[in-house]
1. Compute the accessible area per residue over the chain, keeping the other protein chains in place, probe 1.4 Å, unit Å².
2. With Cβ to Cβ distances under 9 Å as the rule, what net charge do the other residues near residue 290 carry (K, R +1; D, E -1)?
3. Can you give the relative contact order of the chain as a percent, counting alpha carbon pairs under 8 Å and 6+ residues apart?
4. If you average 1/r across every pair of different Cα atoms in the stretch 437-574 and take the reciprocal, what Kirkwood value do you get, in Å?
5. So what are the stretch 239-375's ellipsoid semi-axes, whole angstrom, largest first, if each one is the square root of 5 times an eigenvalue of the alpha-carbon gyration tensor?
6. From the protein chains alone at 1.4 Å, what is the descending order of accessible area for 304, 62, largest first?
7. At a temperature of 10 °C and a viscosity of 1.306 mPa s, determine how fast the stretch 127-218 diffuses translationally according to Stokes-Einstein, using the Kirkwood radius over alpha-carbon pairs as Rh; express D in µm²/s, rounded to the nearest whole number.
8. Leaving out ligands, DNA and RNA, and with a 1.4 Å probe, what % of the accessible surface on the chain is carbon or sulfur?
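The values are calculated or read from the model by the stated rules, or taken from the named source; none is laboratory data. These numbers come from a predicted model, not from an experiment. So basically every Cβ, Gly included, is an ideal-geometry build from the backbone, and we count neighbours across all protein chains shown. We work out accessible area using only protein heavy atoms, side chains counted, and drop any ligands, DNA or RNA first. Shrake-Rupley method; radii C 1.70, N 1.55, O 1.52, S 1.80 Å.
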Amino acid sequence: MAVPSGPARERNSRIPGLDHLPAALIATIMTKLDVPSILSLASTCRACRSCAAEILSFLPNFHLPDIAPSMDLLRPLLPPSNPYLRSMKVDCTRLDDSSIDFLLRPSLQELCLRNCADFSGKLLSELGRSCKELRFLYLSSVADKRGRSVDVLHLEEMLSGCTQLETLILMFDVSIFLRHNFARVWALASSRLISLEIEYISSVMVTELLSPAVGAHQSLNHPQPSILPNLQKLCLSVDYITDVMVSTISKCLVSLTHLDLRDIPIMEPRMALDLTNNGLQQINAHGKLKHLCLVRSQEIAPTFFRRVNDLGILLMADKCSAMESICLGGFCQVTDTGYKTLLHSCSKLYKLRVFHGAHLTDLVFHDIAATSLSLTHVSLRWCNLLTNLAAARLASNADLYMLDLRDCRNLGDEALRFINTLPKLKTLLLDGCDITDVGLSYLNKGVMNNLVSLSVRGCKRLTDRCISSLFDGNCNAELRELDLSNLPNLSDAGILSLARSRIPISELRLRQCPLIGDTSVMALASMQVDENVWCASSLRLLDIYNCGGITQLAFRWLKKPYFPRLRWLGVTGSMNRDIVDALARSRPYLHVTTQGEELGTEQWDNMEDVHLQDYDDVDELEEWLLGGNLSDDEMEDAVDMEDLFE
């Protein structure tokens with residue numbers, strides 16, 4: 001960029017800078033920002049840096065959603081003297097037990113600690129001792145690292161100490177706790193608890209937790225106090241969804257309005273370990289249920305709810321007329337009769353999701369326009385009997401906000417004509433559908449103006465022309481997520497066309513595209529959303545895992561200053577491990593994955609009440625954290641870059 005000289009330089013020198021603004025004004029502005037934005041602003045001048053240091057000492061919310069700070073970086077950002085801190089959300093990948101005393105504050109009411117693999121059960125114990133006022137607690141991956149341990153006594157100290165808890169989310173395997181003690185300690189849980197989510201627990205432990213056995217010194221004539229008496233939301237992933245577990249949940253949780261149960265069996269379950277029609281009719285025993293999700297995953301083995309048929313759905317529908325959201329996955333014996341019964345019985349239904357509906361056909365939606373339903377979210381994944389006619393019927397719901405038709409193999413171009421008439425559609429997922437470039441062109445002048453997320457992963461008939469079909473003459477400023485993975489005919493030419501469109505995409509997935517190569521990375525690195533800003537790529541996530549044309553040359557364009565906003569990167573690690581490792585070291589706050597993992601941030605951070613950060617050309621947040629500009633010396637030392645790039 002040219003430096004002003006002569007009269008222009010003199011005029012610029014007379015323009016007051018931020019240093020001339022009152023400190024109180026700068027501080028007031030900063031209080032409206034989230035933490036990353038405050039730190040970015042602090043890197044611009046002394047006045048802002050001074051105000052940032054002061055602001056951080058009384059900030060009520062400390063949220064760092066995208067980076068994993070070390071203790072050295074975290075210490076100046078979290079002054080121990082801040083009595084106003086109410087909410088903290090931190091990625092703990094680089095932290096361990098030594099940081100517990102620093103993180104846990106008596107004033108906290110909301111705490112989200114993600115990736116706690118290097119913590120032991122001491123974290124749970126100290127939570128109970130230090131954070132008596134907690135209302136919301138999220139913990140993930142606790143003690144996942146080898147050598148770390150967690151005991152049921154740690155859980156007991158947490159539950160007995162956090163007496164104000166209303167929401168508890170434990171995203172780790174709690175089956176490691178001893179069964180007989182596990183049920184006992186939950187009697188100590190806060191009576192205020194209204195929402196409980198556990199990543200994995202055995203069905204037997206759930207049953208014992210909610211209906212503990214009567215002790216030797218307890219009279220059968222004196223009923224025990226109810227466990228979790230005010231629980232309204234329960235989300236569990238278990239080994240098997242069984243009649244006994246479902247019946248126990250329905251009978252014991254009298255206030256339940258939201259039930260989400262998922263299992264991943266390793267083999268076809270026996271009758272005693274399965275859900276049947278009998279268990280299904282026990283659901284909603286107290287008539288308060290609004291949201292129901294029952295899903296059997298095929299992730300490990302091709303297992304289904306084979307002992308549930310239309311009769312079970314009919315019996316359940318009698319008690320579920322007030323249901324607002326239903327998700328059913330793996331019910332291979334349920335036919336159109338069962339699904340139509342739900343649609344006609346649940347007049348308040350706005351969210352419908354069906355996975356692996358082997359017998360679900362277009363007839364389910366034949367007369368949906370004659371019902372009072374106003375569906376906003378519809379997901380019909382792996383429903384291979386659906387055709388374009390189903391899309392035509394669903395299009396009568398003008399309020400549709402999200403439509404997921406992934407892996408519905410018989411849906412083609414004609415379906416897109418009907419989908420294009422949906423004025424409020426924001427998310428459209430078409431993975432594996434039988435669509436072509438011509439079909440996507442139908443969306444150009446309609447829903448493409450409003451879409452925020454579009455996925456056409458695995459639509460094998462799409463070519464480079466699909467990009468021009470979508471974006472030529474279209475100025476969609478809303479699109480943020482685009483998935484073009486597993487398209488065998490998509491090449492660098494298509495990505496060049498995408499870059500020229502200047503669509504401000506933040507998440508782009510191109511994995512397993514054999515014709516995508518270095519040219520695509522160069523084009524995306526140079527992509528200008530704003531013609532007045534150099535190197536302004538808006539991408540925060542880029543997945544180029546197993547793209548056939550990616551070589552070592554592409555890594556030059558993954559260095560700074562390119563992709564200044566990038567936080568997630570998927571590449572093939574076997575290409576050159578030294579280069580991948582060097583890139584990860586040179587950009588420590590970039591999540592680099594190399595094993596084909598699906599990328600994306602977790603939905604645990606919701607900052608609706610603050611202004612979200614919008615990074616400038618250079619990642620000032622990263623500069624502030626590291627105390628200055630990063631150099632590429634470390635990366636240059638790891639490999640001979642001159643030989644590589646010349």
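1. 43 Å²
2. Cβ neighbours under 9 Å give a net charge of +1.
3. 7 percent
4. 14.8 Å
5. Semi-axes from the Cα gyration tensor: 23, 19, 12 Å.
6. Ranked from most to least accessible, the order is 304, 62.
7. Translational D for this selection: 115 µm²/s.
8. Carbon-and-sulfur percentage of accessible area, whole number: 51.
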